[in-house]
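Written below as C-alpha cells is the structure these notes are about.
Please treat every number below as a calculation from the coordinates, not as lab data. These figures come from a predicted structure and were not determined experimentally. Cβ coordinates were reconstructed from backbone atoms using ideal geometry, including for glycine residues, and neighbour counts include every protein chain displayed.
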C-alpha cells in the first residue's frame, strides 16, 4: 500500500539536516508508512511496549484508500470501504498506545544505530529500530479520464475489485504476466474481458499466453492503445486507437495491469533492493541487510499485493523488531 515521500538526494543537505534544527526525539521503534502493513506493525509493536511512532506520509492508508469496497478482509462480513478500514486499523493501533502522526519522512541515515530520520525537512528523530512499510504505487496510463474514474470503474487490482463486475464486461490493459493473470481471473467472473495490448504480441510467459488463448470469453486486442475512458458517474466504455482508427468498447470496469513502483527510494542507499526496487528481506523474516531495519507490505511483495498479506507481514516486522531490541 503506497506511501509517498520526498527524497533529499544531496548528501551535504542530508548531513546538515541531521546537525541543525533543534532537539532530537528518541524512540524505540519508528514506522514509516500507514497502510495495512504499517498499522498492523504499530498494533503489535504497541502491545510489545515498544511505544512505536508511525508517520503516515502524503497518502494516509496507502492504496487501499482509493478502493471503494473491500470484501475479502477477514472480520468484515458485510464488507467495508478502504478508508473506513484504514481508520479502524489506525484506531486499534492508537488504542494500544501507538503514536500515529501526520508528516513526511524526507531523509534517513541508516549507517549506524540509532537510525536517524528527518520529518518534513525539520524535525529530527533517532530510532533504535525502523520498520519500513512504504508500500508500492500502481502504474497508470496517465489519462485524465483514468484519474476521474478511479474508484468508480478504474482499478489496478482485479482480485480486490473484480467481484463487483460479476456478469459484466471489463477491460484489462497490459501485455505481461500480471495482465494475463488478471484477465483470466476476471474471465471467471465477468461476461467478457477485453485484453488491450499496445504491441502486436504479448510479453507474458508461454504458459500464461496459452491460458489466455484457451479462455473463450477473453478477446485480445493487439496494437490498441487507450485514448480515453468514458462515462457519466461510472465507467461505461473506452475509446481505443487501432493503427489510427478509433474504436469504442462498452465496458463497466477498466483494470490497469502495467506494473507497480515500490516506494524504496528513501532507503535504498542502505537497504538492499532488487532490480525493480523491491526491498529484499532474509528468507521467512522481515529482516533487511541492515540489523534493526525491517520491511513489510507491498514494498517487499512482488506477488500478492493484498491487504491481508500486507497486514501479516506487518505483524512479522513488529515481532522481529521486538526480538531484536530484546537481544
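The smallest convex shape that holds all Cα atoms of region 140-256, its convex hull, gives 89 Å³ per residue.
Compared with the alpha-carbon gap, the fully stretched path from residue 23 to residue 223 is longer by 66.2 nm at 0.36 nm per residue. As I understand it, the value is the acute angle between the Cα axis of helix 307-326 and the longest principal axis of the Cα atoms of the chain; what does it come to in degrees, rounded to 10? With rounding to tens, the tilt is 20 degrees. Between the beta carbons of residue 213 and residue 250, assuming R0 = 25 Å, the FRET efficiency works out to 0.60 to the nearest 0.05. Considering only 306, 122, 263, the mean-square fluctuation computed in a Gaussian network model of the chain, springs between alpha carbons under 10 angstrom, is largest for 122. Each of 185, 194 was scored by other Cβ atoms within 10 Å of its Cβ. Arranged with the fewest first, they read 185, 194. Ranked by how many other Cβ atoms sit within 10 Å of their own Cβ, fewest first, the residues 301, 109, 88 fall in the order 88, 109, 301.
Work out how much length residue 91 to residue 272 would gain on full extension: take 0.36 nm times their residue separation and subtract the Cα-Cα distance, in nm to one decimal. Gain on stretching residue 91 to residue 272: 61.9 nm.
The distance from the alpha carbon centre of region 138-153 to that of region 226-292 is 12 Å, rounded to a whole number.
I'd like the per residue volume of the convex hull spanned by the Cα atoms of the chain, given in cubic angstrom.
144
Order these by the 10 Å Cβ neighbour count, fewest first: 110, 319. Let's see the in-between values first.
On the way: 110 20, 319 17.
Ranking 110, 319 by Cβ neighbours within 10 Å, fewest first, gives 319, 110.
When the chain is treated as a Gaussian network with alpha carbon springs shorter than 10 Å, the biggest mean-square fluctuation among 222, 304, 76 belongs to 76. A simple spin-label model places the labels of residue 51 and residue 326 2.0 nm from each other, with each point 7 Å out along Cα-to-Cβ. How far is helix 36-47 tilted off the main Cα axis of the chain, in degrees rounded to 10, range 0 to 90? Value to nearest ten degrees: 30.
If I fit a long axis through the Cα atoms of helix 177-187 and take the longest principal axis of the Cα atoms of the chain, what angle between them do I get, 0 to 90°, rounded to 10? Helix 177-187 and the main axis of the chain meet at about 60 degrees. Given R0 = 41 Å, the distance between the Cβ atoms of residue 203 and residue 152 translates into a calculated FRET efficiency of 0.90.
Normalised by residue count, region 89-174 yields a Cα convex hull volume of 187 Å³ per residue.
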